[in-house]
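Shown next, in structure tokens, is the structure this report addresses.
The values are calculated or read from the model by the stated rules, or taken from the named source; none is laboratory data. All of these numbers come straight from a predicted model, not from anything done at the bench. Cβ: placed from backbone, ideal geometry, glycine included. Neighbour counts: every protein chain shown.
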């Protein structure tokens, strides 16, 4: 259970199993589950690996540059 | 001369600047933040900042008009559009929409240093995001920000290509390596609370800076060492901002160890450094005295550049042209001052503005054009 707090230990299949969220849903701030559900919802990107990497970059920008 | 030849010539001239060798003309660089938007005729910065196509043309025209050899910030203030419609973060435009303010904000509690250093992404996601927005974010809003980040990436590539392939001009650096103290003071704790932490939680702060250096700075240093591109003055940039609030003891404990490791790495790997020093660095100049000639260019802001020249004969300098004079002075006054800088600073000098060009009253077009013409034609 402790390991599941580490985002890098999740497989794509486990991430995808968390499902997506609708656009009007409030962000789930739990980590990494809420983070992965947001990544799954980035439907303009092609696959889970790309979505997770992109959201990680976006998070860095939002937390610092803005 | 075509853009490719211009780029090559500029790279060679900048190599000479690093080595403090003589060039037959003085190189110039823009230190523009968003003044170029007013120069293009806009009175409301948001008109251009919130439209990447307009912003591209603002910058492309700026590159063409002034023929700078290089640019500190060729992409202008590009991130604001990401959160155009939501109240998020610490960067805002003023009521008249004629300037941008970055607020000194605190988003992190004093007891959260362990969270930051142990699981930064988790901490950012669970705590920082909600503290930076007035209301809870929705999934749709984050998706919209993500789409705009892709637009920003396309805009960024467009600017980079135009700068290199059409204008033959350089960017100041490829990788910007901010020291870990900047992460704390500029992005997470703000000036006031960082000052408190330096007194009350110095051990926690220091331990966190150590971790951030390994996580953030070392990968950038290695990337800079591997960089083979031809479109930058230096592979590595070190923007120095928060250091200006530190006394010498604090600087030695919280800033210099990371700066020194970065410098030593670059010297060993032969990586060129472009330092961008906000505020005044002269009181810390002795720390820079042993940097080998040929390693770095130092962009100055409020320092007396003539004094820094005497204190640091080992480094190339950039800066010097007073923004106040560029707006309030006559064309002749600007030309005379540019000649004085070129004559007295001598070799190893890049003529730039002494502060970021931001608001409309930071420069007049005719003065900036005149100064750049002097740089091209006057040889001391």
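Given the condition part of a helix (DSSP H, G or I) and either within 24 Å of residue B:171 (Cα to Cα) or modelled with pLDDT under 95 (or both), answer yes or no: does some residue in the stretch B:283-290 qualify? Yes; the residues of the stretch B:283-290 include at least one that is part of a helix (DSSP H, G or I) and either within 24 Å of residue B:171 (Cα to Cα) or modelled with pLDDT under 95 (or both). Residues that are within 10 Å of chain A (Cβ to nearest Cβ), in a helix (DSSP H, G or I) and buried (at least 22 other Cβ atoms within 10 Å of the Cβ) do not occur anywhere in the stretch B:154-163. Checking the stated criteria, residue B:60 turns out to be more than 10 Å from chain A (Cβ to nearest Cβ), within 21 Å of the chain's Cα centre (by Cα) and either farther than 24 Å from residue B:184 by Cα or part of a helix (DSSP H, G or I) (or both).
Residue B:172 meets all of the listed conditions (1) touching a strand residue (DSSP E or B) at 6+ places or on another chain (Cβ under 6 Å); (2) within 17 Å of residue B:82 (Cβ to Cβ); (3) buried (at least 19 other Cβ atoms within 10 Å of the Cβ) but one, namely (2). Taking chain A and the helices (runs of 4 or more DSSP H) fully enclosed by it, the elements with 1 or more residues that are under 24 Å from residue B:133 (Cα atoms) and either more than 7 Å from chain B (Cβ to nearest Cβ) or touching a helix residue (DSSP H, G or I) at 6+ places or on another chain (Cβ under 6 Å) (or both) are at A:33-40, A:48-60.
Among the helices (runs of 4 or more DSSP H) confined to the stretch B:86-136, the ones with at least 3 residues that are more than 8 Å from chain A (Cβ to nearest Cβ) are located at B:113-118. Has the stretch B:322-337 got at least one residue that is touching a residue at least 24 places away in the same chain (Cβ under 8 Å) and within 21 Å of residue B:14 (Cβ to Cβ)? Within the stretch B:322-337 (the criterion being touching a residue at least 24 places away in the same chain (Cβ under 8 Å) and within 21 Å of residue B:14 (Cβ to Cβ)), the answer is no, since none of the residues qualifies.
Within the stretch B:340-351, which residues are more than 17 Å from residue B:30 (Cβ to Cβ) and buried (at least 17 other Cβ atoms within 10 Å of the Cβ)? Can you show your working first?
From the stretch B:340-351, those more than 17 Å from residue B:30 (Cβ to Cβ) are B:340, B:342-348; that's our starting set.
Selection gives B:342, B:345, B:348.
Applying the criterion of being out of contact with any strand residue (DSSP E or B) (no Cβ under 7 Å at 6 or more places or on another chain) and assigned to a loop (DSSP other than H, G, I, E, B) to the residues of the stretch B:63-75, the residue that is nearest to residue A:65 (Cα to Cα) is B:75. Go through the stretch B:8-44 and give me each residue that's free of Cβ contacts under 8 Å to residues at least 24 places away in the same chain and in a loop (DSSP other than H, G, I, E, B). B:40, B:41, B:42 - these are the residues of the stretch B:8-44 that are free of Cβ contacts under 8 Å to residues at least 24 places away in the same chain and in a loop (DSSP other than H, G, I, E, B). Consider residue B:47 carefully, then state whether it is more than 26 Å from residue B:301 (Cβ to Cβ) and either in contact (Cβ under 8 Å) with a residue 60 or more places away in the chain or part of a loop (DSSP other than H, G, I, E, B) (or both). No, not satisfied.
Being more than 14 Å from chain A (Cβ to nearest Cβ), part of a helix (DSSP H, G or I) and touching a strand residue (DSSP E or B) at 6+ places or on another chain (Cβ under 8 Å) is a description that does not apply to residue B:196. Screening residue B:207 on (1) facing chain A (nearest Cβ under 8 Å); (2) at pLDDT 95 or above shows it passes everything except condition (1).
Quick one: in the stretch B:221-236, of everything that is over 16 Å from the mean Cα position of the chain (by Cα) and in contact (Cβ under 8 Å) with a residue 12 or more places away in the chain, which residue is surrounded by the fewest Cβ atoms within 10 Å (Cβ to Cβ)? Going through the qualifying residues, I end up with B:229. Tell me yes or no: at least one residue of the stretch B:82-95 is on the phi > 0 side of the Ramachandran plot and at pLDDT below 95. Yes; the residues of the stretch B:82-95 include at least one that is on the phi > 0 side of the Ramachandran plot and at pLDDT below 95.
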